[in-house]
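Report on the structure given below.
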Amino acid sequence: MLLSTAQLPLCAVTWCWNLFTMQVWCFLLLVLRVAEGCTLEDHRETQQIRAYTGGSVLLPCHCTDLHSKPERLIWEKYNMTNNTWEEISSKNDQSTNKLRLVNGHSPGNLSLLISHLTTEDGGGYRCNLEMKGHRYIFLTITVSPQSQSLPFVPFALVTVIFLHFIVAVVYCTKRNKDPTMVRYVNAEEGAVSLH
C-alpha cells in the first residue's frame with residue numbers, strides 16, 4: 001500500500017513523535033537508574049564464612065551494578081559486650097594493615113579483606129549503606145591445623161638431634177677401638193672375643 005503525498009507528512013510526524021517519546025522514556029529510565037545508586041546484592045541476607053587463624057578472608061559485599069558507587073559505605077563489627085555495631089575501617093587500622101577495601105576497578109565492589117586473622121576477628125560483620133540497606137556476614141575463625149601441630153615440632157626436633165647424638169657416639173666408639181685389643185681365637189674354639 002502506497003501512501004499519498006497528503007498522508008506522508010502526517011505519517012512522518014507520527015513516526016518522529018513516537019521516536020521522540022521512546023527517546024524520552026529511555027532517558028528517564030537511565031536517569032532513574034543512575035539516581036538509584038548502589039543497591040546491595042543479597043540485601044539483608046546473612047552469609048556464613050569460615051576461616052583459619054593466621055590466614056586472610058574476603059567478606060563479600062557489592063552493588064547489583066558494579067559501576068555504581070555508593071554515597072556512604074560503613075563496615076561494622078558487632079560488639080557482643082555492648083550489644084552494638086561498631087564502625088571499622090582501614091583508616092583506623094593503618095599500623096597493622098589488617099583491613100582493606102578491595103574495590104579494584106569496580107566502584108561497586110565493597111568487599112572487605114581481613115588479613116592476619118586471630119580468633120578475636122570472628123563474629124558478626126555488616127556492610128552498611130545506611131538508608132540503602134545492609135548485608136550481614138558471620139565469620140567463624142578456627143585455629144589453623146598448622147598452628148595446632150607446632151608443639152610437636154620441637155619434640156620431633158629434639159628426638160632427631162638425640163638420635164643423631166647416639167649414633168655419633170656409637171660410631172666414634174667403634175671406630176676408635178684399638179685393633180690390638182681384639183683377640184682372635186681359632187675356629188675350633190668357635191669364638192671371637194673383644195678385650
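We did not get these values from a lab; they are worked out from the coordinates using the rules stated. No experiment lies behind these values; they were computed from the predicted model shown.
Across region 62-79, coupling constants 3J(HN,Hα) worked out from phi with the 6.51/-1.76/1.60 Karplus curve, θ = phi - 60°, read 7, 6, 5, 10, 5, 8, 8, 10, x, 5, 8, 10, 10, 8, 10, 10, 7, 9 Hz, and Gly and Pro carry x. Between residue 140 and residue 113, residue separation times 0.36 nm minus the direct Cα-Cα distance comes to 8.2 nm. In this structure the amide hydrogen of residue 47, modeled in the peptide plane, comes within under 5 Å of the amide hydrogens of 136, 137, 138, none closer than 5 places in sequence on its chain.
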